[in-house]
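The next block holds one structure in the form of structure tokens; read it before the comments.
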Amino acid sequence: MKTKLKHLTYAVSLATAATVVPVASHAAGTITFGEDRYISVGFGMRGSYSSVEDAANNGDNTHDFELDSARLYIAGGLNKYIKGIFNTEKSGNDSTMQVIDAAGIFEVTPDISVWAGRFLSPSSRANMAGPYYTSGDGYWQNIAARYGWNGGYIGRDDGLALVALAFDQRFAYSFGAFEGDRIFHFSGLPDVSTTNPDQSDDPMFASRLQYSFWDKETGYYGTANYLGKKDIFTIGVAGRYKADGAASTTAVGDYSQVAVDLLIEKMLGPGAVSLEAAYYDYDTDDVFTSEQGDAYAVGLGFIFKEKVGWGQIMPIVHFQSFDADDGITTERWDFGVNYIIDSYNAQIATTYRNLEVTDESNQGQFIVQLQLQF
């Protein structure tokens, strides 16, 4: 039996829980065992071809095919109040299959739930959307939205969080406590738990607040673009803090992150225009100045309503920058065209990237990526 389910909490939406109703559909198979008892299974993949200018050993362009991501989605419900998700991932920055989501979801009321286990901690829109529900070829804000790329288990962490809606479901808020011992996991810096004997072992606190002025956004795991399905004007604020969260062999400091993000989408005559914007402030108490500083990201897109062949055309332009306190500034432009065949279930992204790092030459990269979810 096939049915359309939505985002990474998929089958949870069958129980119509407002705090966890996701926002972008994909296909999955669901077996029911009675009222409010079910299990759902699905999978997703993203694969790409890329060519990087002057990156081969002999100075020519490289040509590489890669399985960027492969995910197994499992979700289920025991009754009206108790549900859960279990998701795995093989990503390009980790060749092994790992558990990214394993959480119990306890619905106190239709608008209030408690999440426990491993899942996305409250954070920026880019991190809550992840690589599968964005307007680019994967997690395009990986320079600016650093925790989603660097920290935890692909942005996830072990902990507990309250997830809730208020004011006619226009105001969404979430906060929780998490382990937070993998803040800089993929940046090459030490993990929190293995560095300095003077460190404390306090939890990492994370929170997010957002308000939707136009159409409502009721899901916890979100999306970065609705592909012309909604009129959106939503502002969000997120933060993380961990005492002694930045530690080297010689120094210990607190880690904090603040993010402010905006999503505007408006359906017009021939299609829908979208604007994504975000600002980030990172602080490590000067322990790791390479991960301390200001960052921002801006994205523009337009999806045409009329189909061309199987799908819709969506040109995009993205820019992001991270100005680190060690004097290194990293900037990247993305110019692309997405071919949307079936929302986030089937699409092809073609992108040209230009990366510029202080004191280094510019680097261009051409990418074609296929995304499928079943």
Quiz item: When Lys and Arg each count +1 and Asp and Glu each count -1, what net charge do the other residues less than 11 Å away from residue 192, Cβ to Cβ, add up to?
Solution: -4
Self-check item: Dipole of the chain [Lys/Arg +1, Asp/Glu -1 at C-beta], most positive-end residue of 237, 112, 190
Solution: 112
Quiz item: Within segment 63-77, what residues put their amide N at less than 20 Å from the label point 7 Å along the Cα-to-Cβ vector of residue 95?
Solution: 63-71
Quiz item: How large is ³J(HN,Hα), in whole Hz, for each residue of segment 150-162 in order, when computed from phi with the Karplus curve 6.51 cos²θ - 1.76 cosθ + 1.60 and θ = phi - 60°, using x for Gly and Pro?
Solution: 8, x, x, 10, 6, x, 8, 7, 8, x, 9, 8, 9
Quiz item: Taking the Cα-to-Cβ direction at residue 63 and at residue 215 and moving 7 Å from each Cα, how far apart do the two end points lie in nm?
Solution: 4.2 nm
Quiz item: Of the lysine pairs in segment 2-373, how many meet both conditions: Cα atoms under 17 Å apart, and a spacing of 8 or more in sequence or different chains?
Solution: 14
Quiz item: Remind me, relative contact order of the chain in percent, using alpha carbon pairs under 8 angstrom and six or more residues apart?
Solution: 14 percent
Practice problem: Pick out, from 32, 358, 48, the residue whose Cα sits farthest towards the positive end of the charge dipole of the chain, with +1 on the Cβ of Lys and Arg and -1 on the Cβ of Asp and Glu. | Solution: 32
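Sum up the charges of everything whose Cβ sits under 14 Å from the Cβ of residue 105, counting Lys and Arg as +1 and Asp and Glu as -1, but leave residue 105 out.
Value of the local net charge: -1.
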Quiz item: So, with +1 on the Cβ of K and R and -1 on the Cβ of D and E, and no other charges, what is the size of the charge dipole of the chain about its Cα centre, to the nearest 20 debye?
Solution: 2220 debye
Quiz item: By per-residue mean of other Cβ atoms within 10 Å, what is the highest-first order of 58-64, 296-302?
Solution: 296-302, 58-64
Quiz item: Can you work out the FRET efficiency for the pair residue 81 and residue 55, with r the C-beta to C-beta distance and R0 = 41 Å, to the nearest 0.05?
Solution: 0.20
Exercise. Select from 129, 345, 145 the residue farthest towards the positive end of the dipole of segment 2-373; place +1 on Cβ of Lys and Arg, -1 on Cβ of Asp and Glu, and compute about the Cα centre.
Key: 345
Quiz item: With a sphere of radius 9 Å drawn around the Cβ of residue 223, what net charge do the other residues whose Cβ falls strictly inside it have (Lys, Arg +1; Asp, Glu -1)?
Solution: 0
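Work out how much length residue 31 to residue 362 would gain on full extension: take 0.36 nm times their residue separation and subtract the Cα-Cα distance, in nm to one decimal.
Length gained between residue 31 and residue 362: 114.0 nm.
Since every read-out is calculated from the coordinates, none of them should be taken as a lab result. Bear in mind the structure is a predicted one, so any value in this text is a computation, not a measurement. Glycine gets a Cβ as well: all are built from the backbone with ideal geometry, and neighbour counts include every protein chain shown.
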